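Chemist: Input: one structure, supplied below.
The values are calculated or read from the model by the stated rules, or taken from the named source; none is laboratory data. Treat the numbers as computed from the prediction; the structure is a model and nothing was measured. Cβ placement follows ideal geometry from the backbone for every residue including glycine, while neighbour counts extend to all protein chains displayed.
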Amino acid sequence: MMDLRVSVVLLFVFLTGGYSLKCYTCVPDLTGSCNAIEKTCGNGMYKCESFTGEQPIGSTKVSVTIKQCSATCEAGTQQLVIGGTVTTRCCNTDLCNAADGVYKGSFLLLLSPLLFYFLFQ
């Protein structure tokens, strides 16, 4: 029984070991719209980031968002001299820089070995 537990834990360690981060990438066109696509990040890219720039123009607020893989990322909001803001969001799970929230799939993948350990104990 002990061999089965060790085998299951090692299987999950090996399955999750060669894992690469996936982020949405999106650079808007001149109209401000873009089509986000999934991208597997390269070596040294450990975070997904999303920049959102907002600028008031008259009674309207114009918003542009850029999404990409990143080696380093500093989250926060900066005020621009011209009156707008740039907000940077950082995360480190698959497809976490989506517009509709955080993707939880990789969180479950990380917890799978622990779950199997307790199931087969």
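Chemist: Could you pull out the residue among Leu108, Leu80, Leu10 that is among the aliphatic types (A, V, I, L, M) and modelled with pLDDT of 90 or more?
Modeler: Within the list Leu108, Leu80, Leu10, the selection yields Leu80.
Chemist: Restricting attention to segment 29-74, which residues are touching a Phe, Trp or Tyr at 6+ places or on another chain (Cβ under 6 Å) and assigned to a strand (DSSP E or B)?
Modeler: Across segment 29-74, the qualifying residues are Ile66, Lys67.
Chemist: Pairs please, first residue from segment 77-96 and farther than 16 Å from Ser50 by Cα and in contact (Cβ under 8 Å) with a residue 12 or more places away in the chain, second anywhere and among the β-branched types (Val, Ile, Thr) and surrounded by fewer than 16 Cβ atoms within 10 Å (Cβ to Cβ), Cβ atoms under 9 Å, 6+ apart in sequence or on different chains.
Modeler: Going by the 9 Å Cβ cut-off, the qualifying pairs are Gly84/Val62.
Chemist: Name the single residue that is modelled with the highest pLDDT among those in segment 62-73 being touching a strand residue (DSSP E or B) at 6+ places or on another chain (Cβ under 6 Å) and either surrounded by fewer than 17 Cβ atoms within 10 Å (Cβ to Cβ) or among the hydrophobic types (A, V, I, L, M, F, W, C) (or both).
Modeler: Cys69
Chemist: Where residues in segment 75-96 are assigned to a loop (DSSP other than H, G, I, E, B) and touching a Phe, Trp or Tyr at 6+ places or on another chain (Cβ under 8 Å), which of them is surrounded by the fewest Cβ atoms within 10 Å (Cβ to Cβ)?
Modeler: Asn92
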